[in-house]
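A.B. asks: Got a structure for you, written out below as C-alpha cells; questions coming shortly.
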Amino acid sequence: TECLRASFKVAAEKTVEGFHGTTLENALQILQFGFRPSEYGMLGRGVYWSDNVMKTISYASYDRSGRQRPMGSGVVLKLEIRTGHTKTIDRRNHPSQFTWNAKGYDTAWVPAFCGMVPSGLSENCTYDSSRVTVTAVSTNYGKSFATGDRLECLAKLLAHDKHHRMQEWQADARRALA
C-alpha cells in the first residue's frame, strides 16, 4: 500500500527523511538518550516529525507560549524514519486520529492542506521511537546540517551551546554595567 507524501511516495517499511524542531536542551537529550515519545498531541502518543523542514522551524524558533527563542537556541534535527505501516489522517475527528497505533499502524500522516494543521504543512507521528534516527543537526533553522555520528553531533551542539551561553552572559554583563 502506498500513500502520496509531499513529492514522493512511501510504501510500507520504507525509510524516509524527515525533520524535528526542538530546543537545544531537548536536542542534546535526544542525541544522548534517543527520542522520548510525546504522550499527547494532535495524533496521540509518538514522535512528531515532518517531511517539510519549514514545518519544524517554528518549533525551533518559538517556545510553547509563542515567544521567539533567542537566536541559536533552537535546533532542527534531520531524521531517518522507518515509517512502517502508515495511516492517513486527513480530517479533524478522523475515527483513527488517536487510535491508529492500536489498529496496527506504525506512523500516522496528516497530509498538507487537509485542514488539520494551521500552517497547512504535513505532519507525521511515529509511535515507536526506535523507528526514528537522527542523521544530522542544524543550529541555523535547517539552512545547513552538520552530519557525523551521534557523538560528533553532540560535541558540535555542546560547543554551540557553550558559545551561545557565553554570548548571553556577556550581553547580560554589558547591560548590568550600562
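A.B. asks: For the stretch 89-111, name all the residues that are on the phi < 0 side of the Ramachandran plot and either surrounded by fewer than 17 Cβ atoms within 10 Å (Cβ to Cβ) or free of Cβ contacts under 8 Å to residues at least 12 places away in the same chain (or both).
C.D. replies: Hits for the stretch 89-111 are 90, 91, 92, 94, 95, 96, 98, 99, 102, 103.
A.B. asks: Can you tell me which residues in the stretch 16-40 are over 13 Å from the mean Cα position of the chain (by Cα), within 20 Å of residue 89 (Cβ to Cβ) and not hydroxyl-bearing (Ser, Thr, Tyr)?
C.D. replies: 16, 39
A.B. asks: Now a separate question. Report yes if some residue within the stretch 88-95 is within 19 Å of residue 37 (Cβ to Cβ) and touching a Lys or Arg at 6+ places or on another chain (Cβ under 9 Å); otherwise report no.
C.D. replies: Looking for residues that are within 19 Å of residue 37 (Cβ to Cβ) and touching a Lys or Arg at 6+ places or on another chain (Cβ under 9 Å), one finds none in the stretch 88-95, hence no.
A.B. asks: Restricting to the stretch 11-53, give me the number of residues that are of a type in the set (A, V, I, L, M, F, W, C) and under 15 Å from residue 137 (Cα atoms).
C.D. replies: 9
A.B. asks: Assuming residue 79 fulfils every condition listed in (1) surrounded by 15 or more Cβ atoms within 10 Å (Cβ to Cβ); (2) farther than 20 Å from residue 146 by Cα apart from one, which condition is it?
C.D. replies: Just one mismatch for residue 79, condition (2).
A.B. asks: Are any of the residues in the stretch 122-134 modelled with pLDDT under 90, open to solvent by 50 Å² or more (accessible area, probe 1.4 Å) and under 18 Å from the mean Cα position of the chain (by Cα)?
C.D. replies: Checked against the condition, which is being modelled with pLDDT under 90, open to solvent by 50 Å² or more (accessible area, probe 1.4 Å) and under 18 Å from the mean Cα position of the chain (by Cα), the stretch 122-134 yields no hits at all.
A.B. asks: Right, next: Can you name every residue in the stretch 33-57 that is charged (D, E, K, R), open to solvent by 30 Å² or more (accessible area, probe 1.4 Å) and out of contact with any Pro (no Cβ under 8 Å at 6 or more places or on another chain)?
C.D. replies: Matches in the stretch 33-57: 36, 39.
A.B. asks: Run residue 97 past the list (1) in a loop (DSSP other than H, G, I, E, B); (2) in contact with a helix residue (DSSP H, G or I) (Cβ under 6 Å, 6 or more places away or on another chain); (3) over 16 Å from residue 16 (Cβ atoms) and report the number of the one that doesn't hold.
C.D. replies: (2)
A.B. asks: Assess whether residue 65 counts as being assigned to a loop (DSSP other than H, G, I, E, B) and modelled with pLDDT under 85.
C.D. replies: So residue 65 passes the test.
A.B. asks: Consider residue 71 carefully, then state whether it is modelled with pLDDT of 85 or more and open to solvent by 10 Å² or more (accessible area, probe 1.4 Å).
C.D. replies: Judged against the criteria, residue 71 is not a match.
The values are calculated or read from the model by the stated rules, or taken from the named source; none is laboratory data. Note that the structure is a prediction, hence the values are computed from the model and not measured. Note: ideal-geometry Cβ built from the backbone for every residue, glycine included; neighbour counts use all protein chains shown. Heads up: the accessible areas ignore ligands, DNA and RNA and are worked out on the full protein's heavy atoms, side chains in. Shrake-Rupley method; radii C 1.70, N 1.55, O 1.52, S 1.80 Å.
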